[in-house]
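Only one structure is covered here, and it is reproduced in the block below.
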Amino acid sequence: MASVKIQDVRKSFGGFEVLHGVTVPIEDGEFVVLVGPSGCGKSTLLRMLAGLENITSGTISIGERVVNDVQPKERDIAMVFQNYALYPHMTVAQNMGFSLKLRKENSAEIDKLVNRAADILGLRNLLDRYPRQLSGGQRQRVAMGRAIVRDPQVFLFDEPLSNLDAKLRVAMRTEIKELHQRLKTTTVYVTHDQIEAMTMADKIVVMHDGIVEQMGAPLELYDHPDNRFVAGFIGSPAMNFLEGSLVGGETPYVETANGSKLPLAASRTGLDGKPVVYGIRPEHLEFADDGVEAEVIVVEPTGSETQIVARIGKQDLIAVIRDRRAVKPGDRVKLRPVAKAAHVFDKETGKRLIN
Amino acid sequence: MTDHAVHPPAVATVAKSDESDGMSYLETLPSRIVTLYIPLFIIVVILLFPFYWMALTSIKPDEQLIDMDSFNPFWVVKPTFKHISKLLFETSYPRWLWNTMYVAAAATFLSITASVLAAYAIVRLRFKGAQAVGALIFMAYLVPPSILFIPLASVIHAYGLFDSPMSLILVYPTLLIPFSTWLLMGYFKTIPFELEECALIDGASRWQILTKIILPLAVPGLISAFIFSFTLCWNEFIYALTFLSSTQNKTVPVAIVNEFVDGDIYKWGSLMAGALVGSLPLVILYAFFVEHYVSAMTGAVKE
């Protein structure tokens, strides 16, 4: 196991820069998730960490060693690919033992390590099968087994669950997390799915357009997003955003174009009249008589909770309520944002002003 | 959610039964005969007739060969193995067969080895001009042998390889490498990139990736390149005719034409026997590998 340091790393393809100086410290044994929309550079960063892409500038170190010019096989890492990349002409056991065989381990040792990994992942009775004879989840597990047998310093996962169906994805998510708790190997995990990021990570790194927007513990990002992008990206259903201008004083609020007053717990001086974006998560909208009037558009019950799409002025908001309230489309309701859970972002820069 | 779970299968069943109703008129026997069996029968007859004619001629007694009035030309009475035994025991036919096989095997081996390396480099090693090199190799394939055989003859002469099997072994790759390279390039492209990256992380060198990952997966492609090259060498006529002169060194296609045609006298029996025996090894080869051949032309690597 080892810590990983990514220090001001840049990457250009031709003259086009896709990573603009990314710095990510990763502690020994930490489970770090790189998350962001497609094209944000997260996979490129992971591939640079693996040694599959050159580093244009900056340094990457694994443990105490700078690995910029180190071959992938010398980096002591293992990677799980999105399409698993199992060798189709080898059995499960041969797939898992391939790296050991290249390392010229003796066959008794290979058997021992492969069997141990197979036991951890419940693959013991599949060892003689070929990849084409396995289901998606089993292949996924073999891909992880191949990583485990090497006992590397760092595990790299590149969107490993995106080829699985929804139910299996949830199950494998738990399995990977459990595996990490057991092996405690430093892990870097790339995904575009913020729920995977939230549920699995010790630390989330939110990336967007080649920069790190914010990094931190999942709930820290959820509760205190640094900017509008992170606020909108983390959380499902996504945070509601309403444009307006800030009004200070004893009871500060944000006033929207149609005159609705959205409450705030506190404000800062010098911001009066500033055009801002008011952010409120769906679960922080309550039914209350002193709320903002809204028209119910769609009601989506999921059983444990109900999502209500409501329209204020010209803007749709999503509210999530846990009690079973008899609302139907067309109803006029009053929604009140929980003042202390509201976020205020600068309209121009998107940076957080108050929260 | 439950609604969703129940409805789509119902819809799917309806669509399915609809479809089978709509298409089922094609399943009747008369229409199958018209659309499938008659065309197939015609194709098979056209393709196999030359074989039949060849086999028939090689076992016909001499008097039946030309006399089409007293004998049915499409049948044989009192077949004889005279031509075949004469071919095998009174001419150098076994030697010609051996020459052909030796030349074809050596040229094919040489070509496939070169093509594997070329195709892998063009497809997977990112170097400047890889595309251009690929295109140039293909251009080389477009130059017909009928233009090249005179200049090549002087090259062969200059190297003192005239009338030696080596001349053909070295010249045939000019035809074989371009085609095999293109065929293998297409095949290598279907092998997922991640497999190689994964092998790279697993600690394999480029050479190990090629020999332990790529080649085992490209076996169908290799087999079809092999069959194609081997067939081309086996049938090749113009270079063999130009570069070889002594009877001992000839290959089958050239030898039977030279030895069994005497001025304007065609020894049809021996000629056809020679052609028949000469095509058998290829038929056997195809029969063994036909599945791989087809899968290489149509398929890709499945995980």
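The values are calculated or read from the model by the stated rules, or taken from the named source; none is laboratory data. This is a predicted model, so every value here is computed, not measured. Counting neighbours? That spans all protein chains shown, and the Cβs are built from the backbone with ideal geometry, glycine included.
A quick yes/no check of all residues on (1) touching a Phe, Trp or Tyr at 6+ places or on another chain (Cβ under 7 Å); (2) under 22 Å from residue B:221 (Cα atoms); (3) assigned by TED's automatic domain parsing to the domain that holds residue B:294; (4) modelled with pLDDT of 90 or more:
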{"position": "B:123", "(1), (2), (3), (4)": "yes, yes, yes, yes"}
{"position": "B:132", "(1), (2), (3), (4)": "no, no, yes, yes"}
{"position": "B:148", "(1), (2), (3), (4)": "no, no, yes, no"}
{"position": "B:159", "(1), (2), (3), (4)": "no, no, yes, yes"}
Just name the residue that is farthest from the other protein chains (Cβ to nearest Cβ) out of those in segment B:193-228 that are out of contact with any His (no Cβ under 6 Å at 6 or more places or on another chain) and more than 21 Å from residue A:101 (Cβ to Cβ). B:228
What's the number of the only condition in (1) of a type outside the set (A, V, I, L, M); (2) away from chain B (no Cβ under 14 Å); (3) in a helix (DSSP H, G or I); (4) surrounded by fewer than 19 Cβ atoms within 10 Å (Cβ to Cβ) that residue A:128 fails to meet? (3)
Being surrounded by 15 or more Cβ atoms within 10 Å (Cβ to Cβ) and under 16 Å from residue A:336 (Cβ atoms) is the filter here, so list the residues in segment A:277-294 that pass it. A:278, A:279, A:280, A:281, A:282, A:283, A:284, A:285, A:287, A:291, A:292, A:294
Apart from one, (1) buried (at least 19 other Cβ atoms within 10 Å of the Cβ); (2) within 30 Å of residue A:39 (Cα to Cα); (3) in contact (Cβ under 8 Å) with a residue 60 or more places away in the chain all hold for residue A:145; the odd one out is (3)
If we keep just the residues of segment A:72-93 that are more than 8 Å from every other protein chain (Cβ to nearest Cβ), more than 28 Å from the chain's Cα centre (by Cα) and within 26 Å of residue A:180 (Cβ to Cβ), which is surrounded by the fewest Cβ atoms within 10 Å (Cβ to Cβ)? A:74
Test for residue A:45: is it touching a Cys at 6+ places or on another chain (Cβ under 9 Å), among the hydrophobic types (A, V, I, L, M, F, W, C), surrounded by 15 or more Cβ atoms within 10 Å (Cβ to Cβ) and within 24 Å of residue A:153 (Cα to Cα): no
Members of segment A:149-166 that are within 13 Å of chain B (Cβ to nearest Cβ), crowded, with 18+ Cβ neighbours inside 10 Å and either touching a helix residue (DSSP H, G or I) at 6+ places or on another chain (Cβ under 6 Å) or among the aliphatic types (A, V, I, L, M) (or both): A:149, A:150, A:154, A:155, A:156, A:158
So which of A:225, A:237 is part of a loop (DSSP other than H, G, I, E, B), of a type outside the set (Ser, Thr, Tyr), surrounded by fewer than 19 Cβ atoms within 10 Å (Cβ to Cβ) and in contact (Cβ under 8 Å) with a residue 60 or more places away in the chain? A:237
Residue among A:274, A:314, A:334 that is closer than 28 Å to residue A:249 by Cβ, modelled with pLDDT of 90 or more and either surrounded by fewer than 16 Cβ atoms within 10 Å (Cβ to Cβ) or of a type in the set (D, E, K, R) (or both): A:334
What's the number of the condition residue A:9 fails, among (1) in contact with a Ser or Thr (Cβ under 9 Å, 6 or more places away or on another chain); (2) within 14 Å of residue A:158 (Cα to Cα); (3) β-branched (Val, Ile, Thr)? (2)
Have a look at A:49, A:34, A:45, A:100 and point out the one that is away from chain B (no Cβ under 14 Å), part of a helix (DSSP H, G or I) and in contact (Cβ under 8 Å) with a residue 12 or more places away in the chain. A:45
Please enumerate the residues belonging to segment A:103-113 that are within 14 Å of another protein chain (Cβ to nearest Cβ) and either of a type in the set (A, V, I, L, M) or farther than 30 Å from residue A:45 by Cβ (or both). A:104, A:105, A:110, A:113
Just checking, does segment B:212-226 include any residue being surrounded by 21 or more Cβ atoms within 10 Å (Cβ to Cβ), of a type in the set (Val, Ile, Thr) and in contact with a strand residue (DSSP E or B) (Cβ under 9 Å, 6 or more places away or on another chain)? no
For a quick check of your reading of the model, give me the residue pairs whose first member lies in segment A:260-284 and is without any contact (Cβ under 8 Å) to a residue 60 or more places away in the chain, whose second is among the polar types (S, T, N, Q) and buried (at least 20 other Cβ atoms within 10 Å of the Cβ), with beta-carbon atoms closer than 7 Å and at least 6 apart or on different chains. A:282/A:240
For residue A:116, work out the one condition from (1) within 9 Å of another protein chain (Cβ to nearest Cβ); (2) part of a helix (DSSP H, G or I) it doesn't fulfil. (1)
Could you list, in sequence order, all residues of segment B:161-192 that are part of a helix (DSSP H, G or I) and either of a type in the set (Val, Ile, Thr) or within 9 Å of another protein chain (Cβ to nearest Cβ) (or both)? B:169, B:171, B:174, B:177, B:181
Got a sec? Which of B:213, B:201, B:256 is within 23 Å of the chain's Cα centre (by Cα) and at negative phi? B:256
Hey, any hits in segment A:7-18 for a residue that's outside any strand (DSSP E or B), in the same structural domain as residue A:139 (by TED's automatic domain parsing) and either at pLDDT 95 or above or among the aliphatic types (A, V, I, L, M) (or both)? no
Could you tell me which residue of segment B:190-205 is farthest from residue B:113 (Cα to Cα), considering only residues that are surrounded by fewer than 18 Cβ atoms within 10 Å (Cβ to Cβ) and touching a Lys or Arg at 6+ places or on another chain (Cβ under 9 Å)? B:193
Boolean, residue B:152 is away from chain A (no Cβ under 14 Å), surrounded by fewer than 23 Cβ atoms within 10 Å (Cβ to Cβ) and modelled with pLDDT of 90 or more: yes
Tally up the residues in segment B:253-276 that are surrounded by 19 or more Cβ atoms within 10 Å (Cβ to Cβ) and part of a helix (DSSP H, G or I), please. 14
What number of residues in segment A:296-311 are surrounded by 10 or more Cβ atoms within 10 Å (Cβ to Cβ) and part of a loop (DSSP other than H, G, I, E, B)? 1
